[in-house]
Every structure is written in C-alpha cells, then in structure tokens.
Amino acid sequence: MTDPGRDPATAPDMTTDVAPHDPYAALRHREFRWYIISLFAMTLASQLQAVVVGWQVYAITHDPLSLGLIGLAEALPFIACALPAGYLADRHDRRMLSVAALAVLAACSLALLALSATPTLRAGTVGRTGITPVHLIYAIIFASGIARSVLQPARQAMGAELVPRSMYQNAVAWRSSSWQTAAVIGPAVGGLLYGFAGAVASYAVDAALMTFALVGFLVVRYQPLPRALEETSVVTSLLIGLRFVLSQPVILGALSLDLFSVFLGGAEALLPVFAAEILMVGPQGLGILRAAPAAGAVLMGVYLAHRPPIERAGRVLLVAVATFALAIIGFGLSRSFGLSLALLAVSGMADNISVVIRSTLLQLLTPPEMLGRVSAVNSVFIGSSNELGAFESGVMAKLLGTVPTVVMGGLASLLVVGVTARLVPKLRQLGRIGG
C-alpha cells in the first residue's frame, strides 16, 4: 500500500511531466475532456432542477421551512450511503458505478417532469392518502440523494486516474470551473424557463441534459490504476477512509473549515425568499441570484487554472473562507438587487479557492486505492455543509426570520475561521501545493 504520509512533492507521476504551468495540461487528455463534458451537463441539469423545485415548493407552501426540508430530503440518504458508496468505489468499476448513478438521476428528472404535468401539483392538493405533491417531490429528491451519494466518490476517484499527478491542481481547477460554469447557466436557464415556459418545459430540458450526461460518461475510456486492496472485513474497510482523514490534520482541518463555514453561513436555500419577498425579482431573478456565486467561481477557477500552484495555500484558504463569510453577511443586509448579485459573486470566488485547495490536497495525499473511501468522507462533509446547511437555514429562518439567519450565519462562519486557524497550525502553515 502506498505510504499515506508520503511527500506529494516527491511522489512519482503516472506519466512523464508536461511543460511547467501549462494552463490546458489536463484538457489535453481526451478522457478527461469527456469527463468534464459529462460533469458539465449533469451539473447544468441539477442546478436548473434546483431552481424549479425550490420555486415550486415555496409557491405551494409559502414556508421557508419547506425549503430546508428539500435539503434534508437529499442530505439524509446522501450521508447515510456515503461510506458504503466509497467502499464500492474502491472495490468495483468506478465508471460503471457512475453510469448507474447517472441513470437513476435521469429517472428522477423524468419523474419530476411527469409529476409537473399533472394539475394537482399546481394546486397543491392532498390525495386520498394524505400525500401532497410536495411530499412526492421530497420522495424524488430523496432518491436522487442516494444516486448522488454513489456517484460522488466513484466519479471523483475516477477523475484522479485520468491525468498525471503533476496535473492535479490544473485538473481540479478546470473541473471546478466547468462545474461552476454550469452552475451559472443552469439557475439562470431554470429561472427563465420556469418564468416564461413553466415547470414542464423546465423539467424536459433537465431530463434531456441528464441523459446527455449519462451518454457522455459512457464515451470515457477508463483503465483503472492497479489498487493494492487490503484483506479486511467490510466494516473495517468502510472505516479506513474515515481513519485516514482523521490521521491527516491538514485534510481534516480543510474539510472541517468547509463543513462548518458553509453549514452556518450558506444562504442558497433561502434565495427563493429573497427573490419573492425581499428583492422582489420573481423566478427570473431567483435564477440570476442562484447563478451569481457560480459566476464568481468561474472567473476564479479560470484564473487559478492559468496560474502556477498556490503558494502559502493554508493562509490563502483561511482568507478565502473569511471573505466568503463577509460576503454572506453583506448579502443578508443588502436591499439592492445589483449589490446582492455582486456579493454573491464574491462569495463564489472565495468558495472556489477553498474548493481547489481542498480537492488538490485530497488527491495528492490520498493513496489511489483509498481514493473512493476518502472521497466518500469528503462527500459526507460537503453533503453535511450544503444539504444539512439548507435545512438549518430553513429552521432558523422559520424561528428568527430570513435576514437575521443569514447575517448571524455569516458571523458564525467568521468565528469558525478563527477557531480553525488557532486549533490547526499545520493548516495555517501549509505552503505550496500541486505540481
């Protein structure tokens, strides 16, 4: 087994090194390009879907807690299945696991399309069994959470096998930029489609994009690297990824920083409330608000892809998360649509720096045969911060109001940065990462 404590700077590459600081190094690999195309289409579909689901549910319930329940419906199965999914990703064909998960996600998109075509959804009526259309939406989101839990570690671990180690930061930057570009376009398209064409047309586009993502992944020619699989019990194997993360203070610190800052400071789940009642911009404006953080992230991702590996990465990470928190506080206090968009864009820029640093660390420090399980642990942290953070935001908004929830969450995120910097000095002192 590869030594988990090896120095990534001295680890051998999978192939010969490329020219230094080539901003398009990872994209020169055909399989990675198709990987990015599939990721782009899947993200475009899921972001479009999130806008339509959020607006539909809030339009029926007029309750911010219902928006939090969307996050909870996805987070519970996602987190519960994450460690077993990581085990599968290290024991079985990562490409086929990803394909199966994408097929389920495509089926969920088709289910939302079929549900939206019924008149009962628009009316929000209760059936004979007491089940409302909103309950059915939650059930579909629950199923998609299971699929995403399987997809995340398999796809992420596979992505690390498509390029040489020396290109990891470059590949992560392009992967993040592609994801964020889709996250810019998806919400905007979702808001415009919903506003002008309705839910049925929106979900039809969603289903078509998800199907294309499935086809795109089938095009990838995947040759897995040799894996030194240990002979242990299933339970022990499931816990190996968690133990590895706990033994690496830098990785644990970076993951914990993301977990608590986004869990406490995320405002995305409450954007339908801001669009409908505070900024008064409707579903079209909601799509633009959802796109703003991703737009900022795209700009930052392209910049990072064109620059050498980050120096003093630990301090950069801490400053980025603090900037994210300040932008969220400003957004909560803003009553200007333009200013709100700018602040959300800044939050996306800062968040993308965190994503690139964290993902690069995971791929550099994790042995290939453990990438699936460690990626699953990472998925638990990310899923907890995003989906459970959405539920926390909905509950707090119900109790305290929307604006106080966002502002207090941003302040709490600033506190997390200070505590992390104090408790994890190795993270604060982290220097250059990448090739």
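The values are calculated or read from the model by the stated rules, or taken from the named source; none is laboratory data. A quick note: this is a predicted structure, and the numbers were derived from the prediction, not measured. Note: ideal-geometry Cβ built from the backbone for every residue, glycine included; neighbour counts use all protein chains shown.
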(message) Scan region 397-404 and tell me whether some residue there is surrounded by 22 or more Cβ atoms within 10 Å (Cβ to Cβ), among the hydrophobic types (A, V, I, L, M, F, W, C) and in contact with a helix residue (DSSP H, G or I) (Cβ under 8 Å, 6 or more places away or on another chain).
(response) yes
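Answer with yes or no whether A157 is within 19 Å of the chain's Cα centre (by Cα), at pLDDT 80 or above and either more than 28 Å from S178 (Cβ to Cβ) or not in a loop (DSSP other than H, G, I, E, B) (or both). Working first, answer last.
On the way: within 19 Å of the chain's Cα centre (by Cα): yes; at pLDDT 80 or above: no; either more than 28 Å from S178 (Cβ to Cβ) or not in a loop (DSSP other than H, G, I, E, B) (or both): yes.
Here the answer is no, as A157 does not meet what is asked.
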(message) Could you list, ordered by first residue, the pairs with Cβ atoms under 7 Å in which the first is in region 394-416 and free of Cβ contacts under 8 Å to residues at least 40 places away in the same chain and the second is part of a helix (DSSP H, G or I), at least 6 apart or interchain?
(response) M396/T405
(request) Take the residues in region 180-194 that are crowded, with 24+ Cβ neighbours inside 10 Å and not small (G, A, S), then tell me which one is nearest to the chain's Cα centre (by Cα). (result) Q180
(request) Could you tell me whether any residue of region 227-243 is within 18 Å of L39 (Cβ to Cβ) and either over 25 Å from the mean Cα position of the chain (by Cα) or modelled with pLDDT of 80 or more (or both)? (result) no
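Yes/no matrix, rows are residues, columns are (1) within 23 Å of the chain's Cα centre (by Cα); (2) surrounded by fewer than 24 Cβ atoms within 10 Å (Cβ to Cβ); (3) within 30 Å of Y303 (Cβ to Cβ):
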residue: S340; (1), (2), (3): yes, no, yes
residue: V346; (1), (2), (3): yes, yes, yes
residue: V356; (1), (2), (3): yes, no, yes
residue: L371; (1), (2), (3): yes, no, yes
residue: S375; (1), (2), (3): yes, no, yes
residue: A421; (1), (2), (3): no, yes, yes
(request) Answer yes if at least one residue in region 317-326 is more than 27 Å from V250 (Cα to Cα) and either among the acidic types (D, E) or assigned to a helix (DSSP H, G or I) (or both), and no otherwise. (result) no
(request) Please go through region 301-336 and pick out each residue that is aromatic (F, W, Y) and crowded, with 22+ Cβ neighbours inside 10 Å. (result) F324, F331
(message) If the requirement is being polar (S, T, N, Q), in contact with a Phe, Trp or Tyr (Cβ under 8 Å, 6 or more places away or on another chain), modelled with pLDDT of 75 or more and within 23 Å of L69 (Cα to Cα), which of these qualifies: T360, T366, T402?
(response) T402
(request) Go through A276, A213, A297, A292 for me and flag whichever is in a helix (DSSP H, G or I), modelled with pLDDT under 85, of a type in the set (G, A, S) and buried (at least 20 other Cβ atoms within 10 Å of the Cβ). (result) A297
(request) Filter region 244-273 down to residues that are in a helix (DSSP H, G or I) and small (G, A, S) and give me whichever is farthest from the chain's Cα centre (by Cα). (result) S247
(request) Determine which single condition G285 fails, assuming it passes every other condition in (1) more than 25 Å from V403 (Cα to Cα); (2) out of contact with any Leu (no Cβ under 6 Å at 6 or more places or on another chain). (result) (1)
